[in-house]
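As structure tokens, the structure follows; a few thoughts come after it.
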Amino acid sequence: MRLKITYKPKNYGLLLPLHYNYSIAALLYKTFSENVAEILHTKGFILEKRHFKLFTFSRILDKGEKVESDKLKKLKSAFGINKDFVFRNRRANAPETALFFKNKVSFYFSSVKQFIVEDVGTRILTLPSFD
């Protein structure tokens, strides 16, 4: 099963690291009910010595603006992000870079296990917002 998930920012937009997969995974783990999050995070589904989570998500479908230097500093200030916080890049000497999404962020969430998709869908409909 697959869901298309769309989040709209409360205020100015959304600022994410250039390599945002960890951020999306963290958002999903916050979205799962405690029971499902515990199952997936601690053990998952075991086959021999391997542990599988049995869910996946796509890249963000919306076009984000790549921001650096002065514009990134202004956005960090507008969002109330500590000036010492750094959006890390994979390359060691690369300038600090982030993606800015003004209107929304959409992505697909999929799982072969129906209870996982149902859990995410139900929680998204019942949770008013995320900080």
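Using a probe of 1.4 angstrom and keeping all protein chains present, the accessible surface of the chain works out to 72 square angstrom per residue. Among VAL86, VAL120, VAL112, the sequence by solvent-accessible area, most first, with a 1.4 Å probe is VAL112, VAL86, VAL120.
P(r) tail, the chain: Cα-Cα pairs separated by more than 27 Å, 29% of all pairs. Summarising the label geometry, the points placed 7 Å from Cα in the beta-carbon direction at HIS41 and ASN11 lie 2.7 nm from one another. The range 89-131 gives an Rg/Rh value of 1.16, both radii derived from C-alpha positions and Rh following Kirkwood. At an R0 of 25 angstrom, the distance between the Cβ atoms of ALA26 and THR56 translates into a FRET efficiency of 0.95.
Taking 20 °C and 1.002 mPa s as the conditions, I'd like the Stokes-Einstein D for the range 57-105 in µm²/s, using the Kirkwood hydrodynamic radius from alpha carbon pairs. After rounding, the answer is 178 µm²/s. Take THR122: with every protein chain present and a 1.4 Å probe, its accessible area is about 80 Å².
For LYS53, the residues 5 or more places off, or on other chains, whose built amide H falls under 5 Å of its own are PHE45.
Once the Cβ-Cβ distance of LYS66 and VAL112 is raised to the sixth power relative to R0 = 35 Å, the FRET efficiency obtained is 0.55.
Surface composition of the chain: carbon and sulfur make up 52 percent of the accessible area, probe 1.4 Å. Measuring against 25 Å, Cα to Cα, the residue pairs LYS66/LYS113; LYS4/LYS83; LYS4/LYS73; LYS74/LYS102 contain LYS66/LYS113; LYS4/LYS83; LYS4/LYS73 as the ones spanning a longer distance.
For the chain, the relative contact order comes to 45 percent (Cα pairs under 8 Å, sequence separation of at least 6).
The values are calculated or read from the model by the stated rules, or taken from the named source; none is laboratory data. Everything numeric here is computed off the predicted structure, so don't read it as measured data. Heads up, the Cβs are rebuilt from the backbone with ideal geometry, glycines too, and the neighbour counts pull from every protein chain shown. Remember, those area values only see protein heavy atoms, side chains included, never the ligands or the DNA or RNA. Shrake-Rupley method; radii C 1.70, N 1.55, O 1.52, S 1.80 Å.
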